[in-house]
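Here's the structure, in structure tokens; my notes come after.
What follows is calculated from the coordinates using simple rules that are stated; it is not laboratory data. These figures come from a predicted structure and were not determined experimentally. With ideal geometry, Cβ positions are generated from the backbone for all residues, glycine too; neighbour counts draw on all protein chains shown.
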Amino acid sequence: MNFRFLLLCLVLVVQCCNGDANVGKKELENHFGVEEGNLESVESVLLKLKKLAHQRVYGDREFGHDAAEDSKKPVAISVEQPTVAKAVSPYLFEGDIFLSKKQAISILKEASNIPVNSRTRGRGRRSFDSSPESKWPITAPIKYTFHESLDFFAISNIIKAIRYWENVTCLTFENTPGISDTEDHIEFFQGQGCYSMIGRNGGRQGVSIGENCVKEGVIEHEIGHALGMWHQQSRPDAQSYIKVLSDFILPSYVSDFMQRDKDIDTLGIPYDLGSVMHYGGTAFSADQTSKTLVTRDPLYQSTIGQRETLSFFDIETINKAYCPGGPSVGDKREWAELSC
């Protein structure tokens, strides 16, 4: 009887895990227009990246055991942002970024110290993805739609976040219901958590605003990714301002803290501990409370990971990337006051 009960429990666990995986796959296929083959490729590349980072930090320690244990625990990149949903976590980089196959391969090559063909545009880890094909054209508004899964409150806050981006940058957005899936646009939907792609990827691309992701600062963060912004602590100069405490990171997630290429474009903008794009101090923490990131200056520890609103330099990043000839940092004191 005990054996039968144990077998039944095992079957239920397997079915549950498969169910989660299928939910995640369907969500990505439906809202990003990604084929299953490409989805599996991204998952495979991210797994290789995780194993590579794990080996570098922990040597011969068994990755599979750590990954199995870590999968039972909640994961978040900031205390002000919900935990990463298990259904989509195998396909996400740094907790809330859904990479294209090309981006994922480029990141793995860079992390493996394999030279990227000089004709291939590597993404690297930067504050902004400056490759021309990933930028939205500024000659027309960025088109977006709302999926029927969103409720009124979520739509209201998404509109507020969009309006704020419009108010502080040269970018404009346009709600275009009924737009073709082949035409470039953002589809906001209620998915499994908060996540987005980096920059423009062509056709319909989703921005997931899950049930607990409706805070305006969180939405601004995800829109920032869609505009081309990476996480702030991914910059090559991050180690001058923060220290990674790998002893407290969930072992199978150390790849989400890897530092890479130094020859990247930060647009000449200073490192910003107050960026809405920055990890929090307990990102990927093994017990959800121990610090995994500490600021070199202790006075800024409580600043990192804020999801209240865009910082002055978040705004400056997008204006420098999209608005040539626009006002300089010194000319936008009113924005600095808004983001304080």
TODO: Between residue 167 and residue 140, with labels modelled 7 Å along Cα→Cβ, what's the label distance in nm to one decimal, could you check?
DONE: 2.8
TODO: In nm, give the distance between the simple-model label positions of residue 22 and residue 248, each being 7 Å from the Cα along the Cα-to-Cβ direction.
DONE: 4.0
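Determine, for 138, 219, 105, the number of other Cβ atoms within 10 Å of each Cβ, and report the residues in order from fewest to most.
Taking fewest neighbouring Cβ atoms as first place, the list is 138, 105, 219.
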TODO: Could you work out how far the C-alpha centroid of the range 169-201 sits from that of the range 58-87, in angstrom?
DONE: 28
Task: Stretchable slack from residue 73 to residue 175, in nm (0.36 nm times residue separation minus alpha-carbon distance) - done: 32.9 nm
Task: Proxy reagent accessibility, fewest Cβ within 10 Å first, across 316, 216 - done: 216, 316
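What is the fewest-to-most order of 213, 170, 194 by other Cβ atoms lying within 10 Å of their Cβ? Walk me through the numbers before you get to the answer.
Values: 213 24, 170 14, 194 29.
Ascending Cβ contact count within 10 Å gives the list 170, 213, 194.
How much length is gained on full extension from residue 237 to residue 83, taking 0.36 nm per residue of separation minus their Cα-Cα distance? Spell out each step's value before the answer.
Values: separation 154, 0.36 × 154 = 55.44 nm, distance 2.72 nm.
So the chain would gain 52.7 nm between residue 237 and residue 83.
At 1.567 mPa s and 4 °C, plugging the Kirkwood radius over alpha-carbon pairs of the range 161-257 into Stokes-Einstein gives what diffusion coefficient in µm²/s? Spell out each step's value before the answer.
Working: Rh = 15.5 Å.
D, rounded to a whole number, is 84 µm²/s.
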Task: Beta bridge orientation in the range 39-197: antiparallel %, DSSP, nearest 5 - done: 20
- [ ] May I ask you to list the residues of the range 215-251 whose amide nitrogen lies under 18 Å from a point 7 Å from Cα along the Cα→beta-carbon direction of residue 294?
- [x] 238-250
